[in-house]
1. Whats the longest run of the chain with zero GluC sites (Glu not before Pro) that are DSSP loop and have at most 11 other Cβ atoms within 10 Å?
2. Output wanted: per-residue J couplings in Hz (rounded whole) for segment 39-44, from phi through Karplus 6.51 cos²θ - 1.76 cosθ + 1.60, θ = phi - 60°, x for Gly and Pro.
3. Using a probe radius of 1.4 Å on heavy atoms only, what accessible surface per residue do you get for the chain? Whole Å² is fine.
4. Out of the total accessible area of the chain (probe 1.4 Å, heavy atoms of protein only), what percent is carbon and sulfur?
5. Please compute, for the alpha-carbon atoms of the chain, the extent along each of the three principal axes and give them in descending order in Å.
6. If each residue of separation counts as 0.36 nm, what is the full-extension length gain between Asn38 and Glu26 once their alpha-carbon separation is subtracted?
7. Under a 5 Å amide H to amide H cut-off, with H placed in plane at 1.01 Å, what residues pair with Lys51 once short-range neighbours are removed?
8. How many lysine pairs are close in segment 22-81, with Cα atoms under 19 Å apart and the two 8 or more places apart or on different chains?
Amino acid sequence: PKGRMYYFDKNGFNVNFNMNVIVETERGLQLGTVVKENKEIEENSLVSPLKNVVRIASKYDLKQHAKNLKDSEYAYERAKY
């Protein structure tokens with residue numbers, strides 16, 4: 001709902017709709033949510049190779065993500081003054 005949709009190679013993981021995953025991006029590892037069911041894409045239709053799902057997100061990953069969001073909101077509020 002708040003971000004863009006990107007495609008990733010499921011890298012052998014069994015991922016399903018609404019599952020949280022850790023993915024490899026140009027900005028490092030990021031938390032993502034699966035928003036579409038698995039789909040085969042012809043390799044010649046890709047602009048660049050797909051990056052991988054690194055792992056299924058753990059409870060620790062979700063807690064760390066929530067902390068990071070809270071910290072960034074705090075920093076944003078402090079920067080306004």
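1. Numbers: sites that count: Glu26, Glu37, Glu40, Glu42.
It runs 43-81.
2. Result, ordered by residue: 8, 7, 10, 5, 4, 6 Hz.
3. On the way: 7330 Å² over 81 residues.
For the chain, the per-residue accessible area is 91 Å².
4. C and S fraction of accessible area: 52 percent.
5. Computed over the Cα atoms, the extents are 50, 28, 21 Å.
6. Details: separation 12, 0.36 × 12 = 4.32 nm, distance 2.21 nm.
2.1 nm is the gain from fully extending Asn38 to Glu26.
7. Placed amide hydrogens put Asp9 under 5 Å from Lys51.
8. 5
The values are calculated or read from the model by the stated rules, or taken from the named source; none is laboratory data. Since we're looking at a predicted model, the values are computed, not measured. Ideal geometry is used to build each Cβ from the backbone, glycine not excepted, and the neighbour counts take in all protein chains shown. In case anyone asks, the SASA skips ligands and DNA or RNA and just uses the protein heavy atoms, side chains included. Shrake-Rupley method; radii C 1.70, N 1.55, O 1.52, S 1.80 Å.
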